[in-house]
Amino acid sequence: MQTQLIVNLFGPMDASHLADLLALIQQQQCRAQDSHMLSFEQCMAVALRICGNWDRVSRVDSALREFAERGGIDIQIQHEQAEPRREPVLPYVVDAIGLESADLAAVITRFLARQEAGIRELSTRAYRPARSSERLIELRAQIEIPARCHLGQLKSDFFDLCDTLNLDAAIEPERRP
């Protein structure tokens, strides 16, 4: 039976630490199935879903705790069993952009929650475009819409919301290579 570790690390890390971390997981014959890394000024945040059989995952757990302690890195680990079967969903991508003053992430996540859509990944980025004095914020979310949902109505409601907030937005099926 597959066991999973959900791991979050935060602290002073760079690319060589990340390479050491991934090598440590591989040495225990486990796989980092999903990963996300974000680098800030002096720190890095890493989120991983590590899979393997229970004894190897237990060894990875111990090795990760030692790795974090040596590096002065904050770590959170949660053990989980393989994913349970769930209702059918449709994978979609949401993109939106608007003035930075708009509470873009809160408004869109609230809308998605009311639609019972799951959020797999969400990211935002604030920036100032060339030749503009206004700062913008962009949002990208990978979501899972329940198959029972009426897509036409969901899209119509989403675009009405975005028009009200003066957001440029799109919601499209996720396309995987």
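For the residues Gln42, Gln26, Gln142, a GNM of the chain with alpha-carbon springs under 10 Å puts the largest fluctuation on Gln42. Counting only alpha carbon atoms, the long axis of helix 15-27 and the longest principal axis of the chain meet at about 60°.
Within the set (i) -0.64, -0.74, -0.92; (ii) -0.40, -0.48, -0.66; (iii) -0.46, -0.55, -0.78, the number that log10 I(q)/I(0) by the Debye sum over Cα atoms at q = 0.11, 0.12, 0.14 Å⁻¹ takes when calculated for this structure is listed as (i). The calculated FRET efficiency for the pair Asp20 and Ala170, based on their C-beta separation and a Förster distance of 35 Å, comes to about 0.35.
How much length, in nm to one decimal, is gained on full extension between Ala47 and Arg114, taken as 0.36 nm per residue of separation minus their Cα-Cα distance?
On the way: separation 67, 0.36 × 67 = 24.12 nm, distance 2.66 nm.
Contour length minus the Cα-Cα distance gives 21.5 nm.
Taking Ala105, Ala19, Ala45 in turn, the Gaussian network model of the chain (Cα-Cα springs below 10 Å) assigns the largest fluctuation to Ala19.
Using a Gaussian network model of the chain with C-alpha springs under 10 Å, which one of Pro91, Pro12, Pro146 is most mobile by mean-square fluctuation? Ranking Pro91, Pro12, Pro146 by mean-square fluctuation puts Pro12 first.
Values quoted throughout were computed directly from the atomic coordinates according to the rules given, and no laboratory measurement underlies them. No experiment lies behind these values; they were computed from the predicted model shown. Ideal geometry is used to build each Cβ from the backbone, glycine not excepted, and the neighbour counts take in all protein chains shown.
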